[in-house]
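Asks: First the structure, which I've put down as structure tokens, then a few questions once you've had a look.
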Amino acid sequence: MTNPAFEIQLLKEIHFDEVIALQREAFPPPFDETLLWSQSDLATHIGLFPEAQWVAIAENKIVGSCSNTLISEANYQRHSDWEATVGGYQIKTFDPNGTTLYGLDISVACAYRNQGIGRAFYECRKKLVIDRQLKRYATGCRLPDFSTSGFENVFEFLELVHMGRKSDRTLSPLLKYDLRIIGAHTNYMEDIESNNCAALLEWEPTLDEQKQNELMRGKLVP
Ligand SMILES: CC(C)(COP(=O)(O)OP(=O)(O)OC[C@H]1O[C@@H](n2cnc3c(N)ncnc32)[C@H](O)[C@@H]1OP(=O)(O)O)[C@@H](O)C(=O)NCCC(=O)NCCS
């Protein structure tokens with residue numbers, strides 16, 4: 001039995017080895033291991049956008065990691081594939097004035113799943129969107145149970161997962177975080193289990209959340 005207590009911290013260089021090991025565990029074959037982060041990728045992420053790279057620590061070890069980039073409105077609105085949207089592992093499309101916090105990765109160690117670590121990372125993502133007054137959080141979500149679902153059409157699969165009549169081990173938890181499915185990409189990235197497809201997901205702060213933030217910053221009189 002594992003201890004459910006965990007803490008979210010900013011990613012630092014001392015965490016890199018453990019984060020890479022965690023990625024191997026969270027994305028096992030047939031996922032292509034050459035697609036996982038390298039030390040140099042993680043160093044680039046914390047160099048460009050340090051406040052949006054997190055780890056979860058429990059029992060003195062890394063049990064979760066979460067990487068993000070910031071992209072421009074025009075880039076986001078193209079809803080292109082992973083490579084074009086984020087600019088590859090070195091996040092070459094990072095835009096410090098971007099409007100969209102874009103999720104690159106979220107991984108939780110198998111023994112620590114279902115204890116709210118994924119949800120805690122999503123709370124960090126949403127808080128960053130509100131604090132930086134961004135338009136939204138968005139991501140392309142892999143669909144590892146699509147290829148064995150018996151469905152050929154990804155939209156049919158998405159509809160059933162959305163209705164809770166089918167489960168997908170990645171999309172189902174993410175839908176619990178109030179993310180909205182805005183579409184699907186049929187050639188998002190090389191991912192055999194997902195038939196290379198991804199669900200395009202979005203979260204926007206409510207007007208209340210934006211107003212609350214402006215009040216806190218003294219920009220609005222209550
Ligand atoms: C997706 C992932 C990050 C979720 O992390 P987690 O810490 O286990 O998720 P949480 O504990 O926050 O669970 C959130 C909710 O989803 C539910 N859930 C978790 N796994 C589920 C599954 N396989 N099927 C259906 N629901 C699931 C939980 O019961 C919980 O529901 P609740 O809020 O009503 O209690 C984790 O499973 C993972 O690392 N997967 C492998 C890597 C991956 O695919 N990353 C995403 C790349 S796009």
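The values are calculated or read from the model by the stated rules, or taken from the named source; none is laboratory data. In this text, all values refer to a predicted model and were calculated from it rather than measured experimentally. As a convention, Cβ positions derive from the backbone with ideal geometry for all residues, glycine included, and neighbour counts pool all protein chains shown.
Asks: Does TYR122 count as within 9 Å of the ligand (Cβ to nearest atom), within 25 Å of TRP37 (Cβ to Cβ), aromatic (Phe, Trp, Tyr) and surrounded by fewer than 19 Cβ atoms within 10 Å (Cβ to Cβ)? Walk me through how you get there before you give the answer.
Replies: Working: within 9 Å of the ligand (Cβ to nearest atom): yes; within 25 Å of TRP37 (Cβ to Cβ): yes; aromatic (Phe, Trp, Tyr): yes; surrounded by fewer than 19 Cβ atoms within 10 Å (Cβ to Cβ): no.
For TYR122, the condition - within 9 Å of the ligand (Cβ to nearest atom), within 25 Å of TRP37 (Cβ to Cβ), aromatic (Phe, Trp, Tyr) and surrounded by fewer than 19 Cβ atoms within 10 Å (Cβ to Cβ) - is not met.
Asks: To continue, here is another question. Please pick out the residue among LEU179, LEU174 that is within 13 Å of the ligand (Cβ to nearest atom), outside the structural domain of CYS110 (by TED's automatic domain parsing) and either out of contact with any Asp or Glu (no Cβ under 8 Å at 6 or more places or on another chain) or small (Gly, Ala, Ser) (or both).
Replies: Only one candidate qualifies: LEU174.
Asks: While we're looking at this one, here's another question. What's the number of the condition ALA74 fails, among (1) surrounded by 14 or more Cβ atoms within 10 Å (Cβ to Cβ); (2) hydrophobic (A, V, I, L, M, F, W, C); (3) more than 12 Å from the ligand (Cβ to nearest atom); (4) over 20 Å from TRP37 (Cα atoms)?
Replies: (1)
Asks: Considering only residues that are free of Cβ contacts under 8 Å to residues at least 24 places away in the same chain and farther than 19 Å from TYR137 by Cβ, which ones fall in the range 166-213?
Replies: If the condition is that a residue be free of Cβ contacts under 8 Å to residues at least 24 places away in the same chain and farther than 19 Å from TYR137 by Cβ, then LYS166, SER167, ASN196 are the ones that fit.
Asks: Does THR100 meet the test of being of a type in the set (Ser, Thr, Tyr), surrounded by fewer than 15 Cβ atoms within 10 Å (Cβ to Cβ) and more than 9 Å from the ligand (Cβ to nearest atom)?
Replies: no
Asks: How many of the residues in the range 77-97 are within 20 Å of ARG125 (Cα to Cα), in contact with a Phe, Trp or Tyr (Cβ under 9 Å, 6 or more places away or on another chain) and surrounded by fewer than 16 Cβ atoms within 10 Å (Cβ to Cβ)?
Replies: Of the residues in the range 77-97, 1 are within 20 Å of ARG125 (Cα to Cα), in contact with a Phe, Trp or Tyr (Cβ under 9 Å, 6 or more places away or on another chain) and surrounded by fewer than 16 Cβ atoms within 10 Å (Cβ to Cβ).
Asks: Just name the residue that is farthest from the ligand (Cβ to nearest atom) out of those in the range 131-156 that are surrounded by fewer than 16 Cβ atoms within 10 Å (Cβ to Cβ) and over 16 Å from HIS79 (Cβ atoms).
Replies: GLN133
Asks: Does any residue in the range 128-151 that is farther than 20 Å from TYR177 by Cβ come within less than 9 Å, Cβ to Cβ, of a residue that is of a type in the set (D, E, K, R) and within 9 Å of the ligand (Cβ to nearest atom) six or more places away or on a different chain, and which pairs are these?
Replies: SER149/ASP168
Asks: Continuing with this model, one more query. Can you tell me which residue is modelled with the highest pLDDT among those in the range 28-71 that are among the hydroxyl-bearing types (Ser, Thr, Tyr) and surrounded by fewer than 13 Cβ atoms within 10 Å (Cβ to Cβ)?
Replies: SER40
Asks: Starting from residues that are touching a residue at least 12 places away in the same chain (Cβ under 8 Å) and surrounded by fewer than 18 Cβ atoms within 10 Å (Cβ to Cβ), keep the ones in the range 106-115 and report whichever is nearest to the ligand (Cβ to nearest atom).
Replies: Residue satisfying both the conditions and the ranking: CYS110.
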